[in-house]
Amino acid sequence: MKEEHRLLIALQDLDIMIKEAKDTSTSKELESMGFKLTGLNELQEARKKLASKIPPALLQRYEKLAKHYRMGILPVTGDLCLGCFVKLPTSFFSAAHSHELLVCENCGRMLYIP
């Protein structure tokens, strides 16, 4: 897996944490379980630093997908896209050996093979 793919996955994790921290119903539930939700500014700063390391075209593609779907980049498990659960064609896996970021033909999400 390329470094830029790892950065995208980490960026997605940060985006999910930021979204959960901003969501009042989620934050109240987490606080009731004893979690202290501080550090939103630190998360946003970490996101900026991480985003600056990702090539602009790839970052723009990810952000467009992230607006439409909860998760814009997903792993392939078996021969399924974990976004839409469509079976991927055999030809998909021959391209995967080149370590390129792949795209689901059905939902358009970015895919990687863990």
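Only the coordinates and a few stated rules stand behind these numbers; no lab work does. Computed from a predicted structure; not experimentally measured. Positions of Cβ are backbone-derived with ideal geometry, glycine not excepted, and every protein chain shown enters the neighbour counts.
Which of these, A57, A66, A46, has the largest mean-square fluctuation under a Gaussian network model of the chain (Cα springs below 10 Å)?
Highest fluctuation among the options: A57.
Of D23, D13, D79, which has the largest mean-square fluctuation in a 10 Å C-alpha GNM of the chain?
D23
So what's the angle, to the nearest 10 degrees on a 0 to 90 scale, between helix 40-52 and the longest Cα principal axis of the chain?
It is inclined by approximately 30 degrees.
Could you list, bin by bin from short to long, the percent of Cα-Cα pairs of region 50-111 in 5 Å steps?
So the P(r) values, bin by bin, are 4, 18, 28, 23, 16, 9, 2.
Please state the relative contact order of the chain as a whole percent: Cα pairs under 8 Å, 6+ residues apart?
27 percent
Give the Kirkwood hydrodynamic radius (Å, one decimal) of the chain, defined as one over the mean of 1/r across all pairs of different Cα atoms.
One decimal place: 15.4 Å for the Kirkwood radius.
Which residue, E29, E63, E42, tops the fluctuation ranking in a GNM of the chain built on C-alpha contacts under 10 Å?
E29
Go ahead and estimate [θ] at 222 nm for the chain from helices alone: -39,500 (n - 2.57) per DSSP H run with n ≥ 4, summed, over the residue count, rounded to 500.
One gets -17000 deg cm²/dmol as the mean residue ellipticity at 222 nm.
Please name which of H68, I16, H5 has its Cα lying farthest along the dipole of region 3-112 towards the positive end, using unit charges on Cβ (Lys, Arg +1; Asp, Glu -1) and the Cα centre as origin.
H68
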